[in-house]
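Quick note: the coordinates plus some simple rules give every number you see, no bench work behind them. Note that the structure is predicted; figures quoted are calculated from it, not measured. Cβ: placed from backbone, ideal geometry, glycine included. Neighbour counts: every protein chain shown.
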Amino acid sequence: MRVDVISIFPEYFAPLDVSLIGKARERGILDVHLHQLRDWARDVHRTVDDTPYGGGPGMVMKPEPWGEAIDAVLAADPAAQPRIIVPTPSGVPFTQKLAMEYAAEPWLLFTPARYEGIDSRVMAEYGARMRVDEVSVGDYVLAGGEVAVLVMVEAVGRLLPGVLGNAHSAVDDSFAPGAMENLLEGPVYTKPPEWRGHEVPEILLSGHHGKIARWRRDEALRRTARNRLELLAALDPETLDKHDRKL
Ligand code: 6GU
C-alpha cells in the first residue's frame, strides 16, 4: 500500500519509522511518502493560511497550495487514484470498519490541516473526481490533523497482510467482525499465577477450552456493558445469540 501525507509538519510522522509500522515499511508492505505543504506556497513567507470569509476567530488554510500539492501527489501515478482522507473533527467517525475498508485500498492520501481547517472548495474540487472522506478520530478537538493521521495509519497498517505475525491476530480484536463485533475485549493475564496477592482467574489455568471461551465472552459482554453501553445496545440479538449458543 502507498500512503502519501501532505502537512506543514512532516516531522510529526517520525513515529512511522518505529515498531510494527516501521517494520512494515522496511519490508515494503507500506510505502510512505511525506510532503511539506509549504513547498507549494507561492510567496516568500510560504504562507498557507488566511483570514476566514464571513469573519470569526482563527485562520483557514488557503486552497491554492493544497490544490497544487494534491495535484503533484496525483501526478506520481496518473493511472491510479488515491482515496483522499481529510482529517477533521467534523468528519465521519473513524471506526474499525473504515480501517478495514482503507486497508483494502492500494493508495491513500492524507491531508492533515492546522488552524480552522482547509478551504472547503478543495474537498469540493477533488470530491467531484475521486473519493474524498472527511474523517474524525473522536469527539474532542486536536490542535491539528497530524496525530489523527498517525492513529489511522497505525490502525490500517496493522491490518495489511503480513504485518501482524501469528503472535497476535486481528481476529480477536475488540470491534473485529464476527464474534467480537461491537464487543470490547475482556481482561488478559500472564505469569506468575499470583502477583501481590492478586490471582489469575482459576478458569484460565484449568485447560478447559470450552469453559475458557465462555468465560472470555462473558467478560467481554460485562466490560462492554460497563464501558460502552451504547455498543451493547447496538448488538444484533441474532448475532449475539448465534455466537453465544456455540459456547
Ligand atoms: Cl481528524 N482533527 C482534529 N484537528 N481534531 C480531531 C480530529 C481530527 N478527530 C478528532 N478530533
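Of all lysines in the structure, the ones whose alpha carbon falls short of 26 Å from that of LYS191, not counting any fewer than 8 places away in one chain, are LYS211. Count Lys and Arg as plus one, Asp and Glu as minus one, and take only other residues whose Cβ is under 12 Å from that of ALA76; the net charge is then -3. Rounded to the nearest 20, the size of the Cβ-charge dipole of the chain about its Cα centre is 800 debye, with Lys and Arg at +1 and Asp and Glu at -1. Full extension of the chain between ARG228 and GLU194 gives 9.3 nm of extra length, using 0.36 nm per residue less the Cα-Cα distance.
Distance between the 7 Å Cα→Cβ label points at ALA213 and ALA170: 2.3 nm.
Within the straight-line cut-off of under 20 Å between alpha carbons, the aspartates and glutamates reachable from LYS242 are ASP172, ASP173, GLU181, GLU185, ASP218, GLU219, sequence neighbours fewer than 8 places apart in one chain being disregarded.
Please report the antiparallel percentage of DSSP beta bridges with both residues in the chain, rounded to the nearest 5. If we restrict to bridges inside the chain, about 15 percent are antiparallel. Counting Lys and Arg as +1 and Asp and Glu as -1 over every other residue whose Cβ lies under 13 Å from the Cβ of LYS97, the net charge comes to -4.
Count Lys and Arg as plus one, Asp and Glu as minus one, and take only other residues whose Cβ is under 11 Å from that of TYR12; the net charge is then -1. Of the three principal axes defined by the Cα atoms of the chain, the extents in descending order read 70, 42, 40 Å.
Here the label points at ALA79 and ALA128, each 7 Å from Cα along the C-beta direction, are separated by 2.8 nm in the simple model. Of the trypsin sites (Lys or Arg not before Pro) found in segment 141-233, the ones in coil according to DSSP and having at most 15 other Cβ atoms within 10 Å of their Cβ are ARG196, ARG228.
Taking the fewest neighbouring Cβ atoms within 10 Å as the starting point, the ordered list for MET130, MET123 is MET130, MET123. Estimated from the Cβ-Cβ distance and a Förster radius of 41 angstrom, the FRET efficiency linking ASP71 and THR239 is about 0.35. By the beta-carbon count within 10 Å of each Cβ, the least crowded to most crowded order of VAL137, VAL147, fewest first, is VAL147, VAL137. In this calculation the C-beta distance from ALA143 to GLU202 is compared with R0 = 35 Å, giving a FRET efficiency of 0.15.
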